[in-house]
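Chemist: Just dropping this structure here.
Just so it is clear, none of the values below were taken in a lab; they were calculated from the coordinates. Values in this document were obtained by computation on a predicted structure and should not be read as measured data. Note: ideal-geometry Cβ built from the backbone for every residue, glycine included; neighbour counts use all protein chains shown.
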């Protein structure tokens, strides 16, 4: 299986991805915990059916010390006892922010208020930005059918 377009040889797609990656690097300097960022990226990628990003963020999180139990339970976080209340709030925000078309009004006030109980304004800004960026990557990768499975942790660092 190969992608419909080669991200690395397309000047347009490569340039767009370069800018999305640069925007994502801003989040590395935020106070939003790195583990929360990876969990959110993984959950959005699962929802969007992006195999490449699911592969990438599972492997990057594992390389950063995330446990296999937590990674295996991200898709069913509501039933899992291994996530903090703050992580659960971030995962719920990621789900509603990814599925905006599924409900009138997008992210509910209740979900936003719950996230705001656990994160300050700058952390919320990082969450919103991270959710938006991973959704952009997911959509592009799904459209071009970027294959999954060969990613190596830190490959694009």
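Chemist: Kindly provide the set of residues from segment 106-119 that are in contact with a helix residue (DSSP H, G or I) (Cβ under 6 Å, 6 or more places away or on another chain), surrounded by fewer than 20 Cβ atoms within 10 Å (Cβ to Cβ) and part of a helix (DSSP H, G or I), ordered by number.
Modeler: If the condition is that a residue be in contact with a helix residue (DSSP H, G or I) (Cβ under 6 Å, 6 or more places away or on another chain), surrounded by fewer than 20 Cβ atoms within 10 Å (Cβ to Cβ) and part of a helix (DSSP H, G or I), then 111, 114, 118 are the ones that fit.
Chemist: Let me ask something else. How many residues does segment 131-147 contain that are surrounded by fewer than 17 Cβ atoms within 10 Å (Cβ to Cβ) and farther than 15 Å from residue 8 by Cα?
Modeler: 5
Chemist: Could you check, for segment 150-157, whether at least one of its residues is assigned to a helix (DSSP H, G or I) and either buried (at least 18 other Cβ atoms within 10 Å of the Cβ) or at negative phi (or both)?
Modeler: no
Chemist: Sticking with this structure for a sec: Taking segment 69-105, which residues are exposed (fewer than 14 other Cβ atoms within 10 Å of the Cβ) and in a loop (DSSP other than H, G, I, E, B)?
Modeler: 81, 82, 84, 103, 104, 105
Chemist: Still on this model: Here is a check on your reading of the model: is residue 122 out of contact with any strand residue (DSSP E or B) (no Cβ under 8 Å at 6 or more places or on another chain), assigned to a helix (DSSP H, G or I), more than 30 Å from residue 7 (Cα to Cα) and touching a residue at least 60 places away in the same chain (Cβ under 8 Å)?
Modeler: yes
Chemist: Kindly list the number of the only condition in (1) in contact with a helix residue (DSSP H, G or I) (Cβ under 6 Å, 6 or more places away or on another chain); (2) under 20 Å from residue 52 (Cβ atoms); (3) part of a helix (DSSP H, G or I) that fails for residue 132.
Modeler: Unmet condition: (1).
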